[in-house]
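Structure first, commentary second.
The values are calculated or read from the model by the stated rules, or taken from the named source; none is laboratory data. Bear in mind the structure is a predicted one, so any value in this text is a computation, not a measurement. Backbone-built Cβ (ideal geometry, glycine too); neighbour counts: all protein chains shown.
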Amino acid sequence: MTTAQSNTPQRPLPPRKHGIIFNLLWGWPWAAVGIFLSSLLLSLVIEYACITFLWPERGASRSYQVMLTEKQWLSTEFNLSLLLFRPSTTSVNWMNNAYELMFIKSGILDWLSSQYKSPKTPDKGLFQQINTWIGLLIGYLYQYLLATVYIVTITMVRVIILFLSIPLFLLVIIVAIIEGLGRRDLRRYGAAYESSFVYHHARRLVKPAMYIPCMVYLSWPSAIYPNLLLLPAALLLGMAITVTVASFKKYL
């Protein structure tokens, strides 16, 4: 009997769920970084494909115009915020300082322009031949590299817009929880039908309703007014939370 029990394979323990403090200080920040990097990679892939197949004659000029439009919306549409004082001026200054530090003061743009415009003359020296090959490669990929600079800037602008939109999502979450609790009490005291099927499916939709709209907005290939995506995303999140709380079991 003892041998049979010892030979019985043990079931693996379920993964330990971390608390709110761990998620707030470690889990959620890294999840936000993952969403940012995934959206940036997707944006670059879309932009490279469009430059190659859809508008090769326009090159990086289209992404440059998108960058200017997004920065204009950031400076004109966010005049008040609960998170920052004078958010339009502060965020635009942050964006300009980051752009200047990353691409101008670092010399990346000047180096790309010099390599692109320098004459490609063959030379016998090894290092000069390597520089010539690098110049030829940069000359071929010049529009893609410029588009990379502009796409990184566009993604950073949209991250700032999402940060300034946090009070909108918090307000929607609070209202959705209150509405869901009210509906739950009506169902509880009215002897209404209780469905765990609805609860579990609505609960699975809460996280996708949070990060999928953010990824779509960050990786959108053209200039898009923020409210066209953020307001529907907030409404979908509120609906998912309301249904989840309202369909929670009657008795704890």
Of the numbered conditions (1) at positive phi; (2) at pLDDT 70 or above, I154 fails exactly one; give the number of that condition. (1)
Test set (1) on the phi < 0 side of the Ramachandran plot; (2) modelled with pLDDT under 70 - A191 fails condition number: (1)
Considering only region 228-245, I want to know if a residue exists there that is exposed (fewer than 12 other Cβ atoms within 10 Å of the Cβ) and under 30 Å from Y48 (Cβ atoms). yes
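Name the residues in region 157-204 that are charged (D, E, K, R) and in a helix (DSSP H, G or I), would you?
R158, E179, R183, R184, D185, R187, R188, R203, R204
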Please verify whether region 170-183 includes one or more residues that are within 18 Å of the chain's Cα centre (by Cα), on the phi < 0 side of the Ramachandran plot and surrounded by fewer than 20 Cβ atoms within 10 Å (Cβ to Cβ). yes
Answer yes or no as to whether Y251 is out of contact with any strand residue (DSSP E or B) (no Cβ under 8 Å at 6 or more places or on another chain), at pLDDT below 90 and part of a loop (DSSP other than H, G, I, E, B). yes
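Considering only region 186-203, I want to know if a residue exists there that is closer than 21 Å to L37 by Cβ and not assigned by TED's automatic domain parsing to the domain that holds S43.
The initial filter retains those residues of region 186-203 that are closer than 21 Å to L37 by Cβ, namely none.
No, the conditions are met nowhere in region 186-203.
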